[in-house]
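Chemist: Provided herewith is a single structure, encoded as C-alpha cells, for subsequent inquiry.
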Amino acid sequence: MKISFPHMGHSYIAFKWLVENIGHECIVPPEPSKRTLDLGVRYAPEFACIPFKILMGTYLEVAEKGAEVIITSGGMGPCRAGYYWVMHQYILNELGKDLEIIAFEPPLCDLKDFWRKLHRLRKSGGLSVREFIQVIKTAWEKIKAIDDIEMRSHEVRPYEINRGDTTRALWKALDMIDKANSVKEIEEARQEGLKVINQVPQDLSRNPLKVGIVGEIYVVLEPAANHYIQIMLGEMGVQTDRSIYLTSYTRESAIINREEDIFAVARPYIKEAPIGGHGVNSIGETILYAKHGFDGVVQLAPFACIPEIVAKSILPKVSRDYDIPVLTLFIDEQTGKAGVQTRLEAFVDLLEKRRESKKRERLVV
Amino acid sequence: MAKIGIPRTLAYFLYFPFWQAFFTELGHQVVVSPPTTKAILDRGVEDAVNDACIPIKIYHGHVAKLIGKADFIFSPRLVSLRRHGDFGTETFCPKFLGLPDMIRVAIDKLPPVIDTRIDLKPGKEELLKACQETGDMLGHEGKEVLAAYKKALAVQKRFNQLLAKGVLPHLALDIIEGKKKEEDLNRDGFDLNIAVVGYPYVIYDPYVNVGLLKLLEKEKARVYTQDILSNKILNKQQKYIPKSLFWYFSNRAVYGGLYFMKQKDIDGIIHVTAFACGPDSMVDKLLEIECNKHNKPYLTVSVDEHSGEAGVRTRIEAFVDMLRYRRATR
Ligand code: SF4
Ligand code: SF4
C-alpha cells in the first residue's frame, strides 16, 4: 500500500521509517506550506479549526502523489480532533478521491478495533508478529531521539553566538537520526546529534529569559503552523520550554496518566478535567511554569479552538495570582509571520523590563 | 427561602421545568432572567472572553442580569446526560464543561454559584445524587429533596409529553407555566413541512435567530425540530454515520437531521448555527453531505452578533419559494 500520515513537526522522520519497514511504500507528507493551507481552506468547513484545514490540505497533496491510505489517530472527545478523520473521509469521498483513512482509536476505548487495524497493516506488509513488534519499538526509539534532539536545540539556541547555527546543527542531527536503522544505531545517532548541537559556539555568560509554551497540541508541535515560534524566540535570545512533546504526549494520554498532576494544579481554577484538547493543561502548565521561575508564558492555539478559549478566559486570573505574564496567540489562515514576530517582540520587551525592575527592587531591599 | 437565579438560555429550553419544580417544591423562589435582548448580549460581549461564541456570550449576559435579583446563580456543570456514543463518552461542548469557572472569573459581584456537576453516564440515579448535593448546599434534608425530586420528574415528564405530541419546547414551556393553552396552538393552514435542527439555545431563542420560527410560521411552513422526536427514533440514526459526535446537543441535531431527511413529507431542512461554533463546523458539513445524498434541500442559517432580520428573511423566503416550486413540480 502507498501510505501517508499527518505532518507534525519532525516526527515524519520516524513514521516514514516505520511505514517503509513494515513493508509499505511511504508517501512522505510535505511540510505544510501556503499551498497546503490554501487547499485545506478551500475544501474544509469555514469554521473548522486550523489543524483540520492543514490536514485536509496535506491529504489532498499526498493524494496527488498517489497515496492510497492515510494513517492517523482517532479520539473519544471531548474535542473535535477525534472526529477529524470522519469528516476528512466524508469530504475526500465527496471530492471523488480514492483515499482511505485508517484511524487508530485509543486502544483503551476499543482494543479489538485497534488490533484489527494493526493486523491489517502488518499482514499487508508481510511481517511476522515478532518483526512487527521490533519495527514499532525501533520507530518509538526514533521518535524519542528526535524529541531529545529538538529539546536540546531549544536550550542551546538562546546562547548561540552566530545566529542560525543551532538550527543548522539541529538539521544535521535530525539527518543522522533519519539514517539510523536499528536501536543501536539510533542511540549512536542520538549521542552524535546531541554533540553536534552542544558544539555550537555559545556565549554562556548570557542569562536568557525563560518562556513556557502551552496550548493546543498541533499548533504547538508543528513549527510550520506556528511560524517557527520557538526558533524565533530562541533567536531573540529567549529560552523556551514547551509542555508537549510527541513522546510525553503519547506516554501521558494513552498509557500512563501523569496528566492528573497537571489537572490537580489547575483545579482551583477549573474544576472539570479534561475539557478537550489541552485546555486544562494550558492552565495547569502556566501555574507550573510560574512556580519554576519562568518569566512568561505563550499560549498557542488555533483560532476558535474551543478548550483554549475556555483556558484563555481563565488565564487572566492565573496570571494575576501567580504574577506571570501570558501572551495568547490565536492562529488562523490569516496569521502572518510578521504579525507573530511583532507581538513576540513586544512581549519579550515587556518581560525584560519586568526582570529589570524586579532586580532593582531586590537591590533596594 | 432563597431566590434561585436561572439564566434563560442554554439548557433552559429543555430542562427548565425540572429545576423550576425542584427549587419551588423546596420552598425557594425561582428567578429567571428575561428573554434575550440586545442589552443582555452587549453585557455578555463585555464580560465574556472575546473569542467565545455568541451563545456563551449571551449566557454571560443572562447571568449578569440576575445579579441583585437572585441569592444564588444556578449554573450546573453539564458533563453528560447518558452513556452514549461509540465509546460511551458522550459529553457536552467543552465550553459547557468550563462554564461555571468561566463566569466566576469573568463576572464581577457574582452571587454564589451552584455548580452541581451533572454526569449521568453511570446511570439515571446520578440525577438524584446531583439533586441531593444541590439540596445540601441550600440546607435541605434528604427526605425533602427526594420529594422535590419526584415532583420535578413528574413535571418534566408532562413537558416531555407535550414535546412528543409535536409541541415545540418554547411553546411547551408556556403551557407548563400556564401562559398558553394547548388547545390554542395553531395546527392548521400550513402547506409546507420544514425541519429546523440545531441547538435549543439557538433555535428557540428568537433574539438569537432573529425570529426564524415566526417567520416560517408566517410563510405557512410547519416546523419540526429534533426535540419533538423520541430518543428511540433519534438514537436509531446512530447507525447511519461512521461515528457519533462527542456532544449531546450535536448528536441530537445530527440524528434529527438524518431522520427528517429520510421523511418524504418533509420538504427541506434548515440548520441554524451560531457563527464560529466549533462543533457545528462538523455538524453542518455532515448534514450538508448527507442531505445531498438524500436529495433533500438544505439551508444553513448562521447567526452572529450582527445578524439582521432582513438578511435572514431574504434567505428563508428564497428557500421556502424553492421548496414550494419543488412541491408543485412533483
Ligand atoms: S482542541 Fe482546538 S484545535 Fe483541537 S480539535 Fe479541539 S478546537 Fe480543534
Ligand atoms: S456548541 Fe457551539 S454554540 Fe454551543 S457553546 Fe459550544 S461552541 Fe458555542
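Chemist: Taking every DSSP beta bridge that has both residues in chain A, what percent is antiparallel when rounded to the nearest 5? Intermediate values should be presented prior to the final figure.
Modeler: Numbers: 1 of 26 bridges.
Of all bridge pairs located within chain A, approximately 5 percent are antiparallel.
Chemist: To the nearest 10 degrees, how steeply does helix A:111-125 sit against the main Cα axis of chain A, on a 0 to 90 scale?
Modeler: 60
Chemist: I need the per residue convex hull volume for chain B, using only the alpha carbons, in cubic angstrom as a whole number. Mind showing how you got there, number by number?
Modeler: Values: hull volume 42.0 nm³, N = 330.
Hull volume normalised by residue count: 127 Å³.
Chemist: Leaving out ligands and nucleic acids, and using a 1.4 Å probe, what accessible area per residue does the range A:2-127 come to in Å²? Let's see the in-between values first.
Modeler: Working: 5130 Å² over 126 residues.
Solvent-accessible surface per residue comes out at 41 Å².
Chemist: Given axes a ≥ b ≥ c from the Cα gyration tensor, I'd like to know whether the range B:41-147 is rounded (a/c under 1.5), prolate (a/b larger than b/c) or oblate.
Modeler: Judged from the Cα gyration tensor, the range B:41-147 comes out oblate (a/c at least 1.5, b/c at or above a/b).
Chemist: On to the next question. Carbon and sulfur: what percent of the range B:84-217's accessible surface (1.4 Å probe)?
Modeler: 52
Chemist: Here's a follow-up. Order the following by accessible area, largest value first: B:W19, A:W115. Probe radius 1.4 Å; ligands, DNA and RNA are ignored.
Modeler: Ranked from most to least accessible, the order is A:W115, B:W19.
Chemist: Based on the Kirkwood radius over alpha-carbon pairs, what is the Stokes-Einstein translational diffusion coefficient of the range A:208-365 at 37 °C with 0.692 mPa s viscosity, in µm²/s?
Modeler: Numbers: Rh = 16.0 Å.
For these conditions, the coefficient is 205 µm²/s.
Chemist: Whole percent per 5 Å bin, from 0 to the bin with the longest distance: what is P(r) over all C-alpha pairs of the range A:86-187?
Modeler: The distribution over the range A:86-187 is 2, 10, 13, 12, 14, 13, 14, 11, 7, 3, 1, given as percents.
Chemist: So how do A:H7, A:H292 rank on accessible area, 1.4 Å probe, biggest first, that is with the largest at the start? Walk me through the numbers before you get to the answer.
Modeler: On the way: A:H7 10, A:H292 130 Å².
Order by accessible area, largest first: A:H292, A:H7.
Chemist: Looking at the range B:176-224, what % of the alpha carbon pairs are farther apart than 13 Å?
Modeler: The answer is 63 percent, as a whole percent.
Chemist: How large is Rg/Rh for the protein assembly as shown, to two decimals, with Cα atoms and a Kirkwood Rh?
Modeler: 0.99
Chemist: Still on this model: Shielding of A:131-142 by partners, i.e. mean partner chain Cβ atoms within 10 Å per residue?
Modeler: Per residue, the average neighbour count from other chains is 0.
Chemist: Cα-Cα over 31 Å: which of B:K3/B:K236; B:K38/B:K95; A:K97/A:K117; B:K38/B:K264?
Modeler: Cα-Cα > 31 Å for B:K3/B:K236; B:K38/B:K264; rest within.
Chemist: Also, I was wondering about something else. What accessible area, summed over both chains, is buried at the B-A interface (1.4 Å probe, Å², nearest 100)?
Modeler: Summing both chains' loss of accessible area gives about 3400 Å².
Chemist: Do the alpha carbons of any pairs in B:K69/B:K150; A:K144/A:K337; B:K121/B:K232; B:K157/B:K218; A:K16/A:K312 sit beyond 26 Å of each other, and which pairs?
Modeler: Details: B:K69/B:K150 28 Å; A:K144/A:K337 29 Å; B:K121/B:K232 18 Å; B:K157/B:K218 31 Å; A:K16/A:K312 36 Å.
With Cα atoms farther than 26 Å apart: B:K69/B:K150; A:K144/A:K337; B:K157/B:K218; A:K16/A:K312.
Chemist: Sort B:38-44, A:147-153, B:12-18 by packing, meaning the average of other beta carbons within 10 Å per residue, with the highest value first. Intermediate results must be reported in sequence, preceding the final value.
Modeler: Numbers: B:38-44: 18.0, A:147-153: 20.3, B:12-18: 22.0.
Result, highest mean Cβ count within 10 Å first: B:12-18, A:147-153, B:38-44.
Chemist: If each DSSP helix of 4+ residues adds -39,500 (n - 2.57) and the sum is divided by the residues in chain B, what number results at 222 nm, nearest 500 deg cm²/dmol?
Modeler: -14500 deg cm²/dmol
Chemist: Per residue, how much accessible area does the range A:281-360 have with a 1.4 Å probe, in Å²?
Modeler: Details: 3380 Å² over 80 residues.
Counting only protein heavy atoms, the per-residue value for the range A:281-360 is 42 Å².
Chemist: Still on this model: Can you give the average number of partner chain beta-carbon atoms within 10 Å of each beta-carbon in peptide B:270-277, as a whole number?
Modeler: Mean number of neighbouring Cβ atoms from other chains: 2.
Chemist: How big is the shadow of the Cα convex hull of the range A:12-105, averaged over all directions, in nm²?
Modeler: 6.1
Chemist: Could you work out what % of the accessible surface of the range A:145-207 is carbon and sulfur, using a 1.4 angstrom probe and leaving DNA, RNA and ligands out of the count?
Modeler: Numbers: 1670 of 3330 Å².
Its accessible area is 50 percent carbon and sulfur atoms.
Chemist: Rounded to the nearest 500 deg cm²/dmol, what is the calculated helix-only ellipticity per residue at 222 nm for chain A, with -39500 (n - 2.57) per DSSP H run of length n ≥ 4?
Modeler: Computed ellipticity for chain A at 222 nm equals -18000 deg cm²/dmol.
Chemist: Using a 1.4 angstrom probe with every protein chain in place, what is the largest-first accessible-area order of A:S205, A:S357? Write out the running numbers ahead of the final one.
Modeler: Details: A:S205 100, A:S357 45 Å².
Descending accessible area places them as A:S205, A:S357.
Chemist: Can you give the local net charge around A:K359? Use residues other than it whose beta-carbon is closer than 13 angstrom to its beta-carbon, Lys and Arg +1, Asp and Glu -1.
Modeler: In short, +2.
Chemist: Need one number: nm distance between label points at B:K264 and A:Y228, each 7 Å from Cα along Cα→Cβ, rounded to one decimal.
Modeler: Once both label points are built, they end up 6.4 nm from each other.
Chemist: Lysine pairs in the range A:155-236 8 or more apart or on different chains: how many have alpha carbons under 20 angstrom apart?
Modeler: Numbers: A:K172/A:K184; A:K172/A:K195; A:K179/A:K195; A:K184/A:K195.
Final tally of qualifying lysine pairs is 4.
Chemist: Calculate how steeply helix B:38-47 sits against the longest principal axis of the alpha-carbon atoms of chain B, using the helix alpha-carbon long axis, and give the answer as 0 to 90 degrees to the nearest 10.
Modeler: The two axes meet at around 60 degrees.
Chemist: Moving on. Using only the C-alpha atoms of chain A, find the volume of their convex hull and express it per residue in Å³.
Modeler: 138
Chemist: A follow-up question, please. By how many degrees, 0 to 90 and rounded to 10, does the Cα axis of helix A:84-94 deviate from the longest principal axis of chain A?
Modeler: Its long axis makes an angle of about 50 degrees.
Chemist: State the answer as a single residue: which of B:M282, B:Q263, B:N292 lies farthest towards the positive end of the charge dipole of the range B:222-319, with beta carbon charges of +1 for Lys and Arg and -1 for Asp and Glu, about the Cα centre.
Modeler: B:Q263
Chemist: Where does the Debye-calculated log10 I(q)/I(0) of the range A:136-287 sit at q = 0.14 Å⁻¹, using only Cα point scatterers of equal weight, no solvent?
Modeler: -0.77
Chemist: Please report the spacing between the Cα centers of the range B:65-133 and the range B:206-262 in Å, no decimals.
Modeler: 24
Chemist: For the range B:186-328, compute Rg over Rh where Rg is the Cα radius of gyration and Rh is the Kirkwood radius from the inverse mean 1/r over Cα pairs.
Modeler: Radius of gyration relative to Kirkwood radius: 0.94.
Chemist: In a Gaussian network model over chain B where Cα atoms closer than 10 Å are linked, find which of B:K296, B:K65, B:K218 has the largest mean-square fluctuation.
Modeler: Highest fluctuation of the listed residues: B:K218.
Chemist: Which positions within the range A:73-117 get 40 Å² or more of their accessible surface covered by the other protein chains, compared to the chain by itself, with a 1.4 angstrom probe?
Modeler: A:M76, A:P78, A:R80, A:Y83, A:M87, A:Y90, A:E94
Chemist: Treating only the Cβ of Lys, Arg, Asp and Glu as charged (+1, +1, -1, -1), what charge dipole size does the protein assembly as shown show about its Cα centre? Round to the nearest 20 debye.
Modeler: It comes to approximately 1260 debye.
Chemist: Which whole number gives the average count of other chain Cβ atoms within 10 Å of the Cβ atoms across peptide B:242-248?
Modeler: 6
Chemist: Shifting gears a bit: Determine which aspartates and glutamates satisfy two conditions relative to B:K180: a Cα distance under 20 Å, and not lying fewer than 8 residues away in the same chain.
Modeler: Within reach: B:D188, B:D205, B:E217, B:D227.
Chemist: Another question about this same structure. If each of A:N207 and A:E46 carries a label point 7 Å out from its Cα toward its Cβ, how far apart are those two points in nm?
Modeler: The two pseudo-label positions are separated by 5.2 nm.
Chemist: Now a separate question. Could you grab the relative contact order for chain B? Cα pairs under 8 Å, six or more apart, rounded to a whole percent.
Modeler: Relative contact order of chain B: 17 percent.
Chemist: Compute the orientation-averaged projected area for the range A:145-207 from the convex hull of its Cα atoms and round it to one decimal in nm².
Modeler: So the Cα hull casts an average projection of 3.8 nm².
Chemist: When only C-alpha pairs under 8 Å and at least 6 residues apart count, what is the relative contact order of chain A, in percent?
Modeler: Relative contact order, chain A: 15 percent.
The values are calculated or read from the model by the stated rules, or taken from the named source; none is laboratory data. Every value quoted in this text rests on a predicted model; they were computed, and no experiment measured them. Here Cβ is always computed from backbone atoms with ideal geometry, including for glycine, and neighbour counts include all displayed protein chains. Surface accessibility is based on the protein's heavy atoms, side chains included, excluding ligands, DNA and RNA. Shrake-Rupley method; radii C 1.70, N 1.55, O 1.52, S 1.80 Å.
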